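Okay, structure first, notes after.
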Amino acid sequence: MASTSLLKASPVLDKSEWVKGQRVLFRQPSSAAVVLRNRATSLTVRAASSYADELVKTAKTIASPGRGILAMDESNATCGKRLDSIGLENTEANRQAYRTLLVSAPGLGQYISGAILFEETLYQSTTEGKKMVDVLVEQNIVPGIKVDKGLVPLVGSNNESWCQGLDGLSSRTAAYYQQGARFAKW
């Protein structure tokens, strides 16, 4: 079985520090670790921070065998297209009902380990008044958040786009964490 270990506290790694199929050791090991395995590889991640134990728990939950990630991070416009296809108006109440249906599906936690949410959903409650995040956590599903702010045209280009969202990312992610998000997708 191949093994790769990440033991460096630095968030940025040089390419030379990753050697596929070999155990790579660095100078700054920390106390928290998670080992993720499949048939071909083993990955050990060590985190050095006040959030280390939580990071390890999150990684273990998301990578649990037989479960996957639900991408329900549709923008309001995209969600509106889904609603329109069944003859419903794109209102917050209808988006809330649609998302409630997703998070409250019976047995969801048996098959889903993490859910990527759109910002509106992170702050939304179900139609029964319970926070969407709490409904997910009760099913052992880790709430995550889409942090980019979508594509916009790149001025002076040949129909190219760029992704917005770096401005204010630090303060937004702090607020998302307070709301219950434990991982992010760009």
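Starting from the eigenvalues of the Cα gyration tensor, five times each then square-rooted, give me the equivalent ellipsoid semi-axes of region 77-147, largest first, whole Å. Kindly include the intermediate steps, with their values, before the conclusion.
On the way: eigenvalues 86, 32, 27 Å².
Square roots of five times the eigenvalues give 21, 13, 12 Å.
What dipole magnitude, in Debye to the nearest 20, does region 52-184 give about its Cα centre under +1 on Lys/Arg Cβ and -1 on Asp/Glu Cβ? Write down the numbers at each step before the final one.
Values: 13 positive and 15 negative charges, 63 e Å.
So the dipole magnitude of region 52-184 works out to roughly 300 debye.
Hey, can you grab everything whose amide H is under 5 Å from the amide H of Leu70? Only 5+ residues off in sequence or another chain; H modelled, so Pro and N-termini drop out.
Ser113, Gly114, Ala115, Ile116
If you take every DSSP beta bridge whose two residues both sit in region 52-184, what share of them, in percent to the nearest 5, is antiparallel? Working shown, then result.
Numbers: 4 of 15 bridges.
Once the DSSP bridges in region 52-184 are tallied, antiparallel ones form about 25 percent.
Would you mind estimating how fast region 52-184 diffuses translationally, via Stokes-Einstein at 37 °C and 0.692 mPa s with the Kirkwood radius over Cα pairs, in µm²/s?
Numbers: Rh = 16.0 Å.
In µm²/s, the coefficient rounds to 206.
For Arg95, Arg182, give me the order by solvent-accessible area with a 1.4 Å probe, most accessible first, ignoring ligands, DNA and RNA. Intermediate results must be reported in sequence, preceding the final value.
Numbers: Arg95 20, Arg182 80 Å².
Highest to lowest solvent-accessible surface, that is Arg182, Arg95.
Which value, in Å² rounded to 10, gives the accessible area of Leu83 with a 1.4 Å probe and all protein chains present?
Spelled out: Leu83, probe radius 1.4 Å, area about 10 Å².
Can you compute 3J(HN,Hα) from phi for each residue in region 66-82, using the Karplus curve 6.51 cos²θ - 1.76 cosθ + 1.60 with θ = phi - 60°, rounded to whole Hz and x for Gly and Pro?
Karplus-based 3J(HN,Hα) across region 66-82 equals x, 10, x, 9, 8, 8, 10, 9, 5, 5, 4, 5, 5, 4, x, 5, 5 Hz.
Ignoring ligands, DNA and RNA, what percent of the accessible area of region 52-184 is carbon or sulfur (1.4 Å)? The partial results should precede the final answer.
Details: 4110 of 7520 Å².
Accessible surface attributable to carbon and sulfur in region 52-184 totals 55 percent.
Just the number please: accessible area per residue for region 52-184, 1.4 Å probe, all protein chains included, in Å². Display every interim value, and only then the final one.
On the way: 7520 Å² over 133 residues.
Each residue of region 52-184 exposes 57 Å² on average to a 1.4 Å probe.
The values are calculated or read from the model by the stated rules, or taken from the named source; none is laboratory data. The model shown is predicted, which means the values in this text are computed figures rather than measured ones. Quick reminder, even Gly has a Cβ in these numbers, built from the backbone with ideal geometry, and neighbours come from all protein chains shown. Note: areas computed on protein heavy atoms with side chains; ligands, DNA, RNA excluded. Shrake-Rupley method; radii C 1.70, N 1.55, O 1.52, S 1.80 Å.
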